[in-house]
Each structure stands twice: as structure tokens, then as C-alpha cells.
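The values are calculated or read from the model by the stated rules, or taken from the named source; none is laboratory data. Here the structure is a predicted model, which is why all the values come from computation and not from measurement. Note: ideal-geometry Cβ built from the backbone for every residue, glycine included; neighbour counts use all protein chains shown. The accessibility values were calculated without ligands, DNA or RNA, using every heavy atom of the protein model including side chains. Shrake-Rupley method; radii C 1.70, N 1.55, O 1.52, S 1.80 Å.
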Amino acid sequence: MAKKRGLETVRDMVFSLGAVGIVVVLLLLFGRHSEQDPVKPIDYTLKFQQASQVAPYPLLAPEGLPERWRATSADFDGVDPAQTTWHIGFINPAEEYAAVEQTNGTPDGFVKDKGKNGKAAGVVDVAGEQWKSYDGPKYRSLVRVDNGVTTMVTGTATYQDLATLAAALRPAVPLPGMAPAAPAAS
């Protein structure tokens, strides 16, 4: 009489899954764990210099930030000269996110998008300049509109850290033989 194979197949599958599970657990327990910082810092200076040469307004980036501020991303989108955007993302010493965002496009939608729907909360003095503060469910933001250009520092960082980032913003130094970007028209 022939053996029934149905129960043996199920039993073999359970044993196989158990063996794979044991291997996975052992790899998790004894596998290599890196003590390195998981944040991959970038050097945004070249991208900043290059974007500054083609941007229709002076791009800003921080200069002289305290140690342990790590740049993690930088991007310039100049496809539409009337709606260019500049971004630099950072992780601060408290492991919170902060970003510099700029555009010469419409401020309201930009601030709402980059500030994750924050609501106006007041005005903050940063190095003698007035910045509007926004508070949202996820991000805090400081925003300044000057000569048709919206500059925003935003993220999960504290307002104090955002103000530190805003106070450090400087325009690009022109590359040798290149003229700086002209200020945007009002």
C-alpha cells in the first residue's frame, strides 16, 4: 500500500522553515553591527558654487556652523527659471533634521509644502532680520521673503537650532572669472 505524502510534505516544510528561522536569528545575534554613524555626510560646496552660477537669485548656504552639523543632501532645480529651488539638508548635533530651502516661486505653496503644513506662529529676530516662524505637526520653520526670494529653514530641529542655521547663511563667493548671480527683481 502506498504512503500518504500530504503529512510528510507539511512536516518537511515546517522543519525547513524552522531551520531557516534559526539561521536568521543567529545572523541577527552574531552578525556584524557597525558602530559608525549611519548618517552619510556630503560636501555640498561644489554643488552650491555651480548652482550659484546659474541661479536667478543669490543662493544661500551656511558658513561657520558649529561642529557636528552634517550636511546630508543638496539639490538645485533650475528647470523653470521662474520657480527655481535650492535645498541643503542637515542633521544637527542633537540628531534632528534641519534644511535650507529657497525659491523664487510663489511663497505660500512653497512654505506649506516644505514646512509640512505649519501654521504661522509669530516673528523671530535672527541676526537683526525678521523671520516669520511657523509651527506644524512635524516641522518648525523660519521664513523670510526678500526681493521675491523665499528663504526658509525648516525641520524637526528646535527654533534655536533653526535660528543658528539661518544666522549662518551667506551667499556664494563667485568662482574665479565668474560674476555672482544678480539679485532677483522685486
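Treat each spin label as a single point 7 Å out from the Cα along the C-beta direction, and report the GLN53 to ARG68 distance in nm.
3.7 nm
Projected onto the charge dipole of the range 11-161 (+1 at Lys/Arg Cβ, -1 at Asp/Glu Cβ, origin at the Cα centre), which of ASN117, PHE90, PRO62 gives the Cα projection farthest towards the positive end?
Of ASN117, PHE90, PRO62, it is ASN117.
At a 1.4 Å probe, what is the % contribution of carbon and sulfur to the accessible area of the chain? The partial results should precede the final answer.
On the way: 6990 of 11730 Å².
That share works out to 60 percent.
Report the calculated FRET efficiency for THR158 and LYS112 (r = Cβ-Cβ distance, R0 = 25 Å), to the nearest 0.05. Display every interim value, and only then the final one.
Numbers: r = 21 Å, r/R0 = 0.86.
With R0 = 25 Å, the Cβ-Cβ based efficiency is 0.70.
Which value, in Å², gives the accessible area per residue of the chain when a 1.4 Å probe is used on the protein heavy atoms?
Values: 11730 Å² over 186 residues.
Per residue, the chain has 63 Å² of solvent-accessible surface.
Using a Förster distance of 41 angstrom, determine the FRET efficiency expected from the C-beta separation of ALA120 and VAL25, and round it to 0.05. Walk me through the intermediate numbers first.
On the way: r = 51 Å, r/R0 = 1.25.
For R0 = 41 Å, the calculated efficiency reads 0.20.
Can you work out the PRE-style zone for VAL39? Point 7 Å along Cα to Cβ, and I want the residues of the range 78-115 with backbone N under 16 Å.
Residues passing the 16 Å test: 88-100.
On a 0 to 90° scale, report how tilted helix 6-30 is relative to the longest principal axis of the chain, with both axes built from alpha carbons and the result rounded to the nearest 10.
40 degrees
Here are a few candidate values for Rg and Dmax of the Cα atoms in Å: (i) 16.2, 48; (ii) 16.5, 52; (iii) 25.1, 94. Which one was actually calculated from the structure I just gave you?
(iii)
Can you give the helix-only mean residue ellipticity at 222 nm for the chain, where every DSSP H stretch with n ≥ 4 adds -39500 (n - 2.57) and the sum goes over all residues, rounded to the nearest 500 deg cm²/dmol? Present the calculation step by step, with values, prior to reporting the outcome.
Working: 4 runs with 52 residues, N = 186.
My calculation for the chain gives -9000 deg cm²/dmol from helical runs alone.
Just want to confirm a number: the relative contact order over the range 4-155, from Cα pairs under 8 angstrom separated by 6+ residues, in percent. Write down the numbers at each step before the final one.
Numbers: 227 pairs, mean separation 21.8, N = 152.
Answer for the range 4-155 is 14 percent.
Using a cut-off of 13 Å between beta-carbons, work out the net charge of the residues near THR103 (Lys and Arg +1, Asp and Glu -1, THR103 not included).
Details: positive: LYS112, LYS114, ARG144; negative: ASP75, ASP77, ASP80, GLU101, ASP108, ASP113, ASP146.
Once all neighbours under 13 Å are counted, the net charge is -4.
In whole Hz, what ³J(HN,Hα) sequence does the range 140-147 give by Karplus (6.51, -1.76, 1.60; θ = phi - 60°), x for Gly and Pro?
Along the range 140-147, the couplings run 9, 8, 10, 10, 9, 10, 9, 6 Hz.
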